[in-house]
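Data first, discussion second: the structure below is written as structure tokens.
The values are calculated or read from the model by the stated rules, or taken from the named source; none is laboratory data. Note that the structure is a prediction, hence the values are computed from the model and not measured. Note that we place each Cβ from the backbone using ideal geometry, even for glycine, and neighbour counts take in every protein chain shown. Accessible surface is based on the protein model in full, side chains and every heavy atom, while ligands, DNA and RNA are left aside. Shrake-Rupley method; radii C 1.70, N 1.55, O 1.52, S 1.80 Å.
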Amino acid sequence: MMKEFTLSKLLKEMLYQPLSISILCCVAVYVLYKNKVDFKEIKKCFFISFMVGVVLRTGSYILILPLLSIIIIFQLKNSEKVESTIKMLMTIFVIYFINIFGVSFLGTNFYEKNTMLTQNYIIEFAIKLITVYLVCKIINIFFYKAKSFKEISPSQIRYRMILSIAIPIAISIRLIYPFLDMKNGDAVFFVIDRYIPEGIPLISIILILIIIYNYDKSVENEVHLKREIEEKYRIEEYAHMVEDMYKETRRFKHDYINMLTPLKEYIDGDNMKDLKKFFYNNVIDMDEDIKWNNSNIDKLRYIKITSLKAILSTKLIKALSINVDIKVDIVEDIYKVDINIMDLCRIIGILMDNAIEASKECEYPKFHLCVFNKGDYVVIAIHNNFFGPKPIIHKIYKEGFSTKGDGRGVGLYTVKNIIDKKYDNVFINTSIEDNLFIQELWIKNNEEAS
């Protein structure tokens, strides 16, 4: 049944609690996700939590669940970051759910008309604020220590979903049970007036969000796993092919030298007739465009990471095929990099594609690859010349930016997105010297890898 309000009670009931709880929700969201939220997200959190509070204060079990469902659907539909939105919504609903029991534990006498002083509300808000802050800090510390970079398996996701649904239900039953055992008016008032119209819809919404979150994680994990398997298979297959090409080239160079050795005898004997005959029959058909030696591409042998060697070989061969003058400098073994190999291959592929694409616009295209160890870091440096106006460095990593027209500005944005979202030990330096564009990828290895 809908509650009836006087004007003064409307202000106290409909506005005070939503405003105070909205502040608590903003504090909780900031403490829990401070590295992922900005001021705009905090404002959004306040608005959503205030709307939720107003809906709950209607006290109508007929309206609350449908209206809360509409709020969720609207937010998820219009959100660019669905995972962050779900976490924020869960935080808001959990705080409102806990608040229901907090009010009951303080007792109805705390809010009776004769004692409804401003200081009571200040005390209540201060207790809640301190509690929310401390609990969120503890949760943050616990999850930070428990954080692992290992992929979550489908079975782990299922177990997590079962526990995350069972635990809230068990807690809600445990919290309501003492009130069912009491026969005084306060207990009856709490169950009928607060728990049934507000608590049950809130716990239902929380469970729905938990299911959505875990389902999305399961789908995302499955897609990522399939893509990683496919990419790994392709890279390993191509790595074998490149190794075979390299062996074939070495064999070719050896045969080439063997075939040229007889020329010395003809020249020393001043036998021009036989020299011409040998040259046109045996040498003229050899491929004179091979530039492996000048490019130092054989220095990729120092790269001991198969997938990385494969992507570097692929892009260097691509550059050679379009007559880009390439140079490779690697003088020490590279055994390990602390970054997911699929992400590294994506980053290197984008950087090298951009470098080759830019250099081929020049009259004399040049490309320089350098890989080396520097302290705890592995550095992969890519240099290329370019033609045209100097790019503005702070703009090149923005989504959609490109000097090549529409639809070409995705690569560097993707690189920055991968690094910023997933790695604290990786950063990229970009600089321009005259007409030389320089990209340096720095990857810090942990102590065990050093």
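Which of (1) open to solvent by 70 Å² or more (accessible area, probe 1.4 Å); (2) outside any helix (DSSP H, G or I) does Val37 not meet, given it meets every other one?
Every condition holds for Val37 apart from (1).
How about the range 419-435: which of its residues are touching a strand residue (DSSP E or B) at 6+ places or on another chain (Cβ under 6 Å), open to solvent by less than 50 Å² (accessible area, probe 1.4 Å) and not in a helix (DSSP H, G or I)?
Asn425, Val426, Ile428, Thr430, Ser431
Filter the range 364-418 down to the residues that are among the small types (Gly, Ala, Ser) and at pLDDT 70 or above, then identify the one that is surrounded by the most Cβ atoms within 10 Å (Cβ to Cβ).
Ala381
Pairs needed: first member in the range 7-25, open to solvent by 70 Å² or more (accessible area, probe 1.4 Å); second member anywhere, at pLDDT 65 or above; C-beta distance under 7 Å; at least 6 residues apart or different chains.
Leu19/Phe50
Select from the range 436-445 the residues that are closer than 18 Å to Lys395 by Cα and open to solvent by 40 Å² or more (accessible area, probe 1.4 Å) and list them in ascending order.
Leu436, Glu440
Just one of Glu41, Glu83 is touching a residue at least 24 places away in the same chain (Cβ under 8 Å), under 21 Å from the mean Cα position of the chain (by Cα) and closer than 23 Å to Tyr16 by Cα; which is it?
Result of the check over Glu41, Glu83: Glu41.
For the range 305-327, what are the residues that are more than 13 Å from Ala355 (Cβ to Cβ) and in contact with a Ser or Thr (Cβ under 9 Å, 6 or more places away or on another chain)?
Selection gives Leu320 alone.
Given the conditions (1) out of contact with any Phe, Trp or Tyr (no Cβ under 6 Å at 6 or more places or on another chain); (2) at pLDDT 80 or above; (3) part of a helix (DSSP H, G or I); (4) surrounded by 12 or more Cβ atoms within 10 Å (Cβ to Cβ), and given that Ser79 satisfies all but one, which numbered condition is not satisfied?
Here Ser79 meets the rest and fails (3).
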